[in-house]
Amino acid sequence: MKLFQRFDIDFDPDAMETYLSKHGRLFISAAVALLVLMGIVAVTVLGLALRGGEQTMVPNVVGKELTAALLELQAKELYPRIQLRYSNSATDKGTILEQDPRPGTIVKAGRRIRLVVSRGMVVDKVENYIGQNIDDVKIHLQTLFATASRPLLSLREPPLYKYSSEPAGTVLEQKPEPGTNIDGPTQLELVVSRGPENAMIKVPDVVGLPFADALERLRQAGVWFTCSSRPVENRENPGAVVSQLPAGQAVVAANTVVNLVIAEPASLPEETVFGIFAQNLPQYPYPLEIKLESISPSGERKRIFVGPCPGGDVTLPYQVERGSVLVLSVLNREVIRKTVE
């Protein structure tokens, strides 16, 4: 009361009580009405938010030019998500190859439609492959058309091989010729070198060498080999080559196979195994690179041998931990794996 007297305000509590008793219901009714109105507004806004845009049907734009497809989507209040991909025809460049969702699907306005648009052909002319190694050509074509549904340029298998002074595996001729226009899927015919017909080589002398060193010496000389093993005799060095045929320094035809005999190691560390890995491969028109690796039980990977092989019998000595897996690959493609027991 002192506060009201200080500011010279005439405050009558009895009159205030009388006023509230007469108009209290009005205040309560107004407050309830305001709360109801706020609830109606909130429900309406929430319903509009959940319903979103109007529904519309996805048009069929496959095969149409990109600009025409975009106009159709815009008319339906739909938006594109564009991906580019090479195709097998130069004429469909800039046209729609695929769409998602499919035509006729009912979606909400504002939905994004995935469009796959053709970039045309990845190449439009035949490249010059003469002088390249055929294995490199194969890898190049596989990489070039990795994303195409059908390769635009493929190799005719098997290619034609003939003897030549060029290194084995070199492309000598091709058809179609370099620079030829590509109008659709085309087969590439190649003539490949077998190497010189009457090439001669000198066989290195590997008797007395540890078997790993002997194989490396033969690999460097371009000589293929077969291996066998037997127990150590007399004063032979365990794990070394004890005989070879043809003998060292002999001059022989380039396709001659040298037979090696290895003295088995006399003593090995615990859980270590020596043996000869044996596998028969198809005969190749020219030597292809093979690789023998070991994978230990702990997962460690080691190379045992890498070098050119004409095919046929593969016999490679190994000394690995028991339980290891031996993996043979040709041109980096796994052929077989065997577990060492």
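At an R0 of 45 angstrom, the distance between the Cβ atoms of ASN234 and SER298 translates into a FRET efficiency of 0.75. Once you sort the root eigenvalues of the Cα gyration tensor of region 82-195 as a ≥ b ≥ c, which label holds: rounded (a/c under 1.5), prolate (a/b larger than b/c) or oblate (the other case)? Prolate. Ellipticity at 222 nm from helices only: DSSP H runs of n ≥ 4 in the chain, each -39500 (n - 2.57), divided by the residue count, give -7500 deg cm²/dmol. Give the long-range amide H neighbours of TYR86: residues separated by 5 or more places, or on another chain, with amide H under 5 Å away, using H modelled in the peptide plane at 1.01 Å from N. Distant-sequence amide H within range of TYR86: ARG119. With R₀ fixed at 51 Å, the C-beta to C-beta distance from ASP205 to GLN83 puts the FRET efficiency at about 0.25. Calculated on the Cα set of region 256-308, radius of gyration then Dmax: 14.5, 43 Å.
Of all the options ALA75, ALA247, ALA278, the one that moves most in a Gaussian network model of the chain with Cα springs shorter than 10 angstrom is ALA75. Any chance you could check the Cα centroid distance between region 58-86 and region 125-201 for me, in angstrom? Value for the Cα centre distance between the two parts: 40 Å. Amide hydrogen proximity for PHE225: with H placed 1.01 Å from N in the peptide plane, the residues at 5 or more positions away or on another chain lying under 5 Å are VAL258. Under the membrane-span-like helix rule (DSSP H runs whose alpha carbons stretch at least 20 Å along the helix axis, mean Kyte-Doolittle hydropathy 0.0 or higher), the chain yields 13-51.
For the pair GLU189 and TYR163, a Förster radius of 25 Å applied to the C-beta separation gives a FRET efficiency near 0.85, rounded to the nearest 0.05. Which of rounded, prolate or oblate describes the chain when judged by the alpha-carbon gyration tensor and an a/c cut-off of 1.5? Oblate is the answer for the chain, as a/c is 1.5 or above yet b/c matches or exceeds a/b. Remark: for residue pairs LYS202/LYS302; LYS138/LYS291; LYS202/LYS291; LYS162/LYS338; LYS125/LYS291; LYS175/LYS291, the C-alpha separation exceeds 26 Å in LYS202/LYS302; LYS162/LYS338; LYS125/LYS291; LYS175/LYS291. Annotation note: GluC sites (Glu not before Pro) in region 237-316 located in DSSP loop regions with a Cβ neighbour count of at most 12 within 10 Å are GLU270, GLU271, GLU300. A full extension of the chain between VAL107 and THR67 corresponds to an added length of 12.2 nm, given 0.36 nm per residue minus the alpha carbon distance. Take every pair of alpha-carbon atoms less than 8 Å apart whose residues are at least six positions apart; their mean separation over the length of the chain yields a relative contact order of 10 percent. Close amide H pairs (under 5 Å, H built 1.01 Å from N) link THR272 with ARG322, residues at least 5 positions away or on another chain.
Each reported figure results from applying straightforward, stated rules to the coordinates on display, with no laboratory input. It should be emphasised that the depicted structure is a prediction, and the values quoted were computed from it without experimental measurement. Quick reminder, even Gly has a Cβ in these numbers, built from the backbone with ideal geometry, and neighbours come from all protein chains shown.
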